[in-house]
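Structure, as structure tokens:
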Amino acid sequence: MSFSALDLSSEVLRSVRDRGHHEPTAIQTGAIPIVLSGRDMVATAGTGSGKTAAFLLPLLNRLHANKTTGVSALILAPTRELAAQIGHEFELLSRNHRLRAVVIVGGESMSRQIHEVRGAQVVVACPGRLIDHLERGTVKLDRVELVVIDEADRLLDMGFLPQLRRIVKTIHQAHQTLMFSATMNHGVEQVAREFLRDPARVNIGEVSAPPTSIKQAIYPVTQDNKAPMLLELLKRSEVDSAIVFTRTKSRADRLTKMLVRNGIKAVAIHGDRSQSQRNAALAGFRKGGYRVLVATDIAARGLDIPDVSHVINFDMPDSPDSYIHRIGRTARMGKSGEAMSLVTPEERITLGEIERSLGEKLTRVAVEGFAAPVIPNKARMVYSSSSRRQPSRNRRRAG
Ligand code: ADP
Ligand code: MG
């Protein structure tokens, strides 16, 4: 199928061609007609499957047709880096339109945002900074007719939900709402209803399944051996570039220092670094100036960095969904990639939950020189009652 079979304007079709996309992906084919019809929608599709264009293309189509003035569309994202990425993608796809997007995120100049919003029809924002602007009256959403909530399950979870409610309350008129994510558990679906009217549902593939092109493996290890084992894994030539996830910001810093001491070009991204440091880290990693990006879950969602060959869980994530998002930073848009998880006996409960959610047992791999601790195969059966409590107790906000 080609993009021209979708009911998009010639300008949008030209933009998508200029962008180098030849055929729509499954989520684009499924979602675009529904968005154009004006219906609310909840859409799920795997990581790296083209969800961004699935909402940006019909959004451009609609705003262009309306000859819109003022802010008519709002796109919400959970992290500053993801909001910036969506803003950048909008810029690329809107070259044949007279439409502007402003990215409204914390850590960047407020006055520049105030200036830019004046000429913008689209606001791409993180909830916190957007609320600052709404309270000061420097951004108004009263003309918004389309709301996109990207990584919706993350924005609907308990940390963000009150902010989401406050934002949506300021949109007085009827509007269309779209939600996108690679994961959407039943609990969030319930919460989502509050924001949706008779939504259409588009589900591509299995919800909460990673792309099949990711090769996943478990590396049993003791806590003390994690750092030496990581160094050993990074010696392998097939590890072109890797994102290494840690549980905390301080562990990310310490690990980065250790890697740099060992001659590996590594940089950290987490919530305790300044926005300019975060931007520099991500930009440097994107350009290939660093081989390793050490990150907290702040980088787990949505980031599209081409050619990340490996995702390494130095620490296990706190939930199966978070595992899906982290490893989804590799193997984007049909490419191949590897996910390696260093698992200590203490982390076996989380591993059991992940495997149960994936419906498969992941391959265990031994590394020469490292005696593997025993990780019980049936951890989830033996520990099933505590395994349910574990994630909430250990739940951490993304940096
Ligand atoms: P998701 O949001 O589903 O994780 P993205 O929207 O970030 O995925 O897209 C992943 C990558 O695929 C991006 O680099 C994007 O430019 C590219 N892409 C999107 N749509 C197409 C398409 N139709 N054909 C080829 N590449 C595409
Ligand atoms: Mg996305």
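Data table
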item	result
Those helices (runs of 4 or more DSSP H) lying entirely in region 146-256 with at least 3 residues within 24 Å of the chain's Cα centre (by Cα)	152-155, 161-169, 186-192
Region 116-145 residues that are assigned to a helix (DSSP H, G or I), paired with ones that are among the aromatic types (Phe, Trp, Tyr) (beta carbon under 6 Å, 6 or more apart)	127/160
The one condition in (1) surrounded by fewer than 22 Cβ atoms within 10 Å (Cβ to Cβ); (2) at pLDDT 95 or above; (3) more than 10 Å from ligand 1 (Cβ to nearest atom) that residue 49 fails to fulfil	(3)
Test for residue 308: is it within 16 Å of ligand 1 (Cβ to nearest atom), in the same structural domain as residue 347 (by TED's automatic domain parsing) and either assigned to a loop (DSSP other than H, G, I, E, B) or modelled with pLDDT under 95 (or both)	yes
Members of region 59-100 found to be buried (at least 22 other Cβ atoms within 10 Å of the Cβ), among the hydrophobic types (A, V, I, L, M, F, W, C), outside any loop (DSSP other than H, G, I, E, B) and within 16 Å of ligand 2 (Cβ to nearest atom), listed by number	59, 75, 76, 82, 83, 86, 90, 93
Residue in region 138-156 that is within 16 Å of ligand 2 (Cβ to nearest atom), in contact with a strand residue (DSSP E or B) (Cβ under 6 Å, 6 or more places away or on another chain) and farther than 23 Å from residue 88 by Cβ present	yes
First in region 313-333 and under 14 Å from residue 344 (Cα atoms), second anywhere and assigned to a loop (DSSP other than H, G, I, E, B) and aliphatic (A, V, I, L, M), Cβ under 9 Å, 6 or more apart	317/300
Residue check, residue 357 surrounded by fewer than 16 Cβ atoms within 10 Å (Cβ to Cβ), touching a residue at least 12 places away in the same chain (Cβ under 8 Å) and either hydroxyl-bearing (Ser, Thr, Tyr) or more than 16 Å from ligand 1 (Cβ to nearest atom) (or both)	no
Single residue of region 27-55 satisfying the filter (of a type in the set (Val, Ile, Thr) and more than 13 Å from residue 328 (Cβ to Cβ)) that is nearest to ligand 2 (Cβ to nearest atom)	52
Top-ranked residue of region 78-93 - restricted to ones that are among the acidic types (Asp, Glu) and more than 9 Å from ligand 1 (Cβ to nearest atom), ranked as nearest to residue 304 (Cα to Cα)	81
Residue within region 164-179 that is touching a Gly at 6+ places or on another chain (Cβ under 9 Å) and among the basic types (Lys, Arg) present	no
Unmet criterion (only one of (1) buried (at least 22 other Cβ atoms within 10 Å of the Cβ); (2) more than 16 Å from ligand 1 (Cβ to nearest atom)) for residue 339	(2)
Filter pass, residue 20 being farther than 28 Å from residue 128 by Cβ, surrounded by fewer than 16 Cβ atoms within 10 Å (Cβ to Cβ) and within 13 Å of ligand 1 (Cβ to nearest atom)	yes
Qualifying position, being touching a Lys or Arg at 6+ places or on another chain (Cβ under 8 Å), away from ligand 2 (no atom under 16 Å from the Cβ), touching a residue at least 12 places away in the same chain (Cβ under 8 Å) and not charged (D, E, K, R), among 309, 336	336
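The values are calculated or read from the model by the stated rules, or taken from the named source; none is laboratory data. These numbers come from a predicted model, not from an experiment. Neighbour counts run over all protein chains shown; Cβ positions are idealised from the backbone, glycine included.
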